[in-house]
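> Submitted below is the structure of interest, expressed as structure tokens.
The values are calculated or read from the model by the stated rules, or taken from the named source; none is laboratory data. None of these values were measured; they are calculated from a predicted model. With ideal geometry, Cβ positions are generated from the backbone for all residues, glycine too; neighbour counts draw on all protein chains shown.
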Amino acid sequence: MMPMNEFALIKRYFERSDADKSDHSGAVLEAPIQGVVQGIGDDCAVLSTDPDYETVMSTDTLISGVHFPENSDPRLTAQRALRVNLSDIAAMGGQPSAFLLALTLPELNETWLEGFSLGLRQVSDAYCCPLVGGDTIRGPLNITISILGTVPRGRALFRGGAQVGDAIYVTGCLGDSAAGLGLLDSPVQGDGSEARSVGYLKKRYWQPSPRVSEGLILRDYASAAIDISDGLLADLGHILRASLVGAELTLASIPLSAPLVDTWAKTKAMTLALTGGDDYELCFTVPTDKVAMLELKVREGLLSAHRIGEISAKEGLICRDVNGIVVDFSDAGYQHF
């Protein structure tokens, strides 16, 4: 087999011809992709701009053995890497546009690259967010993705807009991904309820659901928003500090999935939901005069969200149990350093 250089590697696994521009279900995508003037192949990607829109951008690095297990399935690794970046765009109320990939590889393993590029393509196509460039170098395995999106001018969601009296919501259920991470070494055997729960939790770790469509809806209702990557308490804390407010949470209102509760004791499940991280759900606040309209979206099935508390004037975050007693959680969430 002829050795590949960097450019041959990119061309084989990541550059896509018009014939390749179909999603994993076989549906053909429009080409050229809207907004992409030039993708892979030049010194820079070229994206069209619009005076009515603003660009939102984010970068995340995932390191083998730190942010995902070593020797993990490359297809799942790629899916997780892109999905967590899409979650950042969702938290801003943005529409994903394109992404860049910087890939550091310990060796040229074509089997690994085949699986990785397939997983990346599946998510890229599903969210209409094409890969438009990047870099590959040799070294310990890590994945850096820089993602871009658009939002109508002046309508991006920020962390600093929460006001006293705003309702606090989260999308989906919390704690599943952290539970799944703890179960990655547990084999899934049979098709009983326990095996299904373990399989579900593992999938929630590898394939989090970036809430892009929800983020677009929330531009009309939310006063502040953030995605939950480091745990609800830690990430809600970012909103509180940016907004100079406090909050009270009702623990009984925290949404927990049936597989999580079936697999872990209730106390452990709640701890995972509050501090586990890696859920990539959205936490957001809604002014009082918009709560009824937001709840209508929930009832109509357009938004999966649960009200879990309220913004207060006193700085700090208080958690109350079903009896109104304050509960202390000393583990505030994932710490990067």
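> Kindly list the number of the only condition in (1) at pLDDT 95 or above; (2) in contact with a strand residue (DSSP E or B) (Cβ under 6 Å, 6 or more places away or on another chain); (3) surrounded by fewer than 12 Cβ atoms within 10 Å (Cβ to Cβ); (4) small (Gly, Ala, Ser) that fails for Gly309.
(3)
> Kindly establish whether Ala162 is surrounded by 17 or more Cβ atoms within 10 Å (Cβ to Cβ) and assigned to a loop (DSSP other than H, G, I, E, B).
For Ala162, the condition - surrounded by 17 or more Cβ atoms within 10 Å (Cβ to Cβ) and assigned to a loop (DSSP other than H, G, I, E, B) - is met.
> Moving on to the next point. For segment 165-184, how many residues are in contact with a Ser or Thr (Cβ under 9 Å, 6 or more places away or on another chain) and either part of a strand (DSSP E or B) or without any contact (Cβ under 8 Å) to a residue 60 or more places away in the chain (or both)?
4
> Kindly list the number of the only condition in (1) surrounded by 16 or more Cβ atoms within 10 Å (Cβ to Cβ); (2) within 27 Å of Tyr221 (Cα to Cα); (3) not aliphatic (A, V, I, L, M) that fails for Trp264.
Failed condition: (2).
> Let me ask something else. Would you please list the contacts, defined by Cβ atoms under 6 Å and residues six or more apart or on different chains, that run from a residue in segment 292-313 that is not assigned by TED's automatic domain parsing to the domain that holds Leu236 to a residue that is surrounded by 20 or more Cβ atoms within 10 Å (Cβ to Cβ) and part of a strand (DSSP E or B)?
As it stands, the answer is none, since no pair meets every condition given.
To keep it simple, each residue is scored yes or no on (1) out of contact with any helix residue (DSSP H, G or I) (no Cβ under 9 Å at 6 or more places or on another chain); (2) exposed (fewer than 15 other Cβ atoms within 10 Å of the Cβ).
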position: Ile137; (1), (2): no, yes
position: Pro140; (1), (2): yes, yes
position: Leu183; (1), (2): no, no
position: Ala195; (1), (2): yes, yes
position: Lys203; (1), (2): no, no
position: Gly215; (1), (2): no, no
position: Leu218; (1), (2): no, no
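> Additional query: Go through segment 233-270 and give me each residue that's hydroxyl-bearing (Ser, Thr, Tyr) and either touching a Pro at 6+ places or on another chain (Cβ under 6 Å) or farther than 21 Å from Ile311 by Cα (or both).
Result: Ser257, Thr263, Thr267.
> Mind checking which strands (runs of 3 or more DSSP E) fall wholly inside segment 1-120 and carry at least 3 residues that are modelled with pLDDT of 80 or more, under 30 Å from Phe158 (Cα atoms) and not assigned by TED's automatic domain parsing to the domain that holds Gly277?
53-63, 95-105
> Restricting attention to segment 160-196, report how many residues are closer than 23 Å to Leu251 by Cβ and within 21 Å of the chain's Cα centre (by Cα).
Qualifying residue count for the region: 15.
> Right, next: Mind telling me which of the residues Leu157, Leu184 ends up being among the hydrophobic types (A, V, I, L, M, F, W, C) and more than 30 Å from Lys314 (Cα to Cα)?
The match here is Leu184.
> Then there is this: For segment 242-249, does any single residue satisfy the condition of being touching a strand residue (DSSP E or B) at 6+ places or on another chain (Cβ under 9 Å), of a type in the set (S, T, N, Q), over 15 Å from Tyr169 (Cα atoms) and surrounded by 21 or more Cβ atoms within 10 Å (Cβ to Cβ)?
yes
> To continue, here is another question. Out of curiosity, is Ile254 under 24 Å from Tyr200 (Cβ atoms) and either in contact with a Leu (Cβ under 9 Å, 6 or more places away or on another chain) or at pLDDT 95 or above (or both)?
So Ile254 fits the description; yes.
> Any idea which of Pro187, Pro130, Pro152 is of a type outside the set (Ser, Thr, Tyr), more than 20 Å from Tyr280 (Cα to Cα) and without any contact (Cβ under 8 Å) to a residue 24 or more places away in the chain?
From the options Pro187, Pro130, Pro152, the qualifying one is Pro187.
> Being acidic (Asp, Glu), modelled with pLDDT under 95 and not assigned by TED's automatic domain parsing to the domain that holds His67 narrows it down to one of Asp191, Asp220, Asp135, Asp176, so name that one.
Among Asp191, Asp220, Asp135, Asp176, only Asp191 is acidic (Asp, Glu), modelled with pLDDT under 95 and not assigned by TED's automatic domain parsing to the domain that holds His67.
> Could I ask something else about it? Looking at Ile318 and the list (1) over 22 Å from Arg159 (Cα atoms); (2) at pLDDT below 95; (3) of a type in the set (A, V, I, L, M), which single condition is not satisfied?
Just one mismatch for Ile318, condition (1).
> Taking Ser257 and the conditions (1) in contact with a Cys (Cβ under 7 Å, 6 or more places away or on another chain); (2) among the hydroxyl-bearing types (Ser, Thr, Tyr); (3) buried (at least 22 other Cβ atoms within 10 Å of the Cβ), which numbered condition does it fall short on, given that it satisfies the others?
(3)
> Considering Phe329, Phe284, which residue is within 30 Å of Phe68 (Cα to Cα) and not assigned by TED's automatic domain parsing to the domain that holds Glu214?
Testing whether each residue is within 30 Å of Phe68 (Cα to Cα) and not assigned by TED's automatic domain parsing to the domain that holds Glu214 leaves just Phe329.
> Output the number of residues of segment 128-159 satisfying the condition of being charged (D, E, K, R) and part of a loop (DSSP other than H, G, I, E, B).
Total meeting the criteria: 3.
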